[in-house]
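Note sheet for the following structure.
The values are calculated or read from the model by the stated rules, or taken from the named source; none is laboratory data. Only a predicted model underlies this, so the values are computations on that prediction, with no experimental measurement involved. Note: ideal-geometry Cβ built from the backbone for every residue, glycine included; neighbour counts use all protein chains shown. Accessible surface is based on the protein model in full, side chains and every heavy atom, while ligands, DNA and RNA are left aside. Shrake-Rupley method; radii C 1.70, N 1.55, O 1.52, S 1.80 Å.
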Amino acid sequence: GTNAGNPDGSITFNGFYASMFDFDRSNGVSGSQTDFITVAEHEIGHALGFVSGVDDVDFCSSNPAACGVSGPYDLEIYSLYSPLDLFRFSADGVLDMRVGVDSYFSADGGATRITDFSTGAFNGNGWQASHFGPDEVNLMRPFIGNGESYDATAADLAAFDVMGWDIAAVPEPS
């Protein structure tokens, strides 16, 4: 929609933590700080749709009262999954949105494993499914360590592409 009062997404950074961030990576990132640019790019990625319904199932199956359900089967009446989930596979041709199952990102029906997904914070590998795997070195991994910085990799850009975002060079203003 176009209603500015009802945005499709938002990102808020708490000023209390400002001293924990390195805002200028041009001279390297301090080993005692987190690269703000990487964090901002990562969170923008979530706002653009890098999310997974697997997280909802994972949370609600562990916390049914918080979700207003009595068990995981009550979730079947909801449409929880995102466009990115259509590219979550556990084998060639096996679309797999189960919590805790080793799954990977593939743009060709599971034939090619581009990179692993995380499998769930509560009933998976301990990391939200709305991320690539923790052992993957890319922008949409579930964490960033102090002194590290990341930009979008080919895997990140492929994920945004299959979700519907066109990856194109933007000309620099003259």
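Observations
- Once the Cβ-Cβ distance of Asn63 and Ser10 is raised to the sixth power relative to R0 = 22 Å, the FRET efficiency obtained is 0.40.
- Sorting the segments 97-105, 30-38, 126-134 by their mean number of nearby beta carbons within 10 angstrom, highest to lowest, gives 126-134, 97-105, 30-38.
- In order along segment 10-20, the Karplus-derived 3J(HN,Hα) couplings, from 6.51 cos²θ - 1.76 cosθ + 1.60 at θ = phi - 60°, round to 8, 9, 10, 10, 7, x, 4, 9, 4, 5, 7 Hz, and Gly and Pro are given as x.
- Here r is the Cβ-Cβ distance between Leu86 and Tyr17 and R0 is 45 Å; the resulting FRET efficiency, rounded to 0.05, is 0.80.
- Cα-based Rg of the chain normalised by 2.2 N^0.38 Å, two decimals: 1.13
- Summed over the residues of segment 16-159 and divided among them, the accessible surface reaches 50 Å² per residue at a probe radius of 1.4 Å.
- Taking the 1.4 Å solvent-accessible surface of segment 1-127 as the whole, the part contributed by carbon and sulfur is 54%.
- Applying the Karplus relation 6.51 cos²θ - 1.76 cosθ + 1.60 with θ = phi - 60° to segment 109-121 yields 3J(HN,Hα) values of x, x, 5, 10, 7, 7, 6, 7, 9, 6, 10, x, 6 Hz, where x marks Gly and Pro.
- Farthest towards the positive end of the charge dipole of segment 110-170, among the residues Ile167, Gly145, Trp127, is the Cα of Trp127, using unit charges on the Cβ of Lys, Arg, Asp and Glu.
- Inter-centroid distance (Cα atoms) of segment 8-65 relative to segment 120-169, Å: 11 Å
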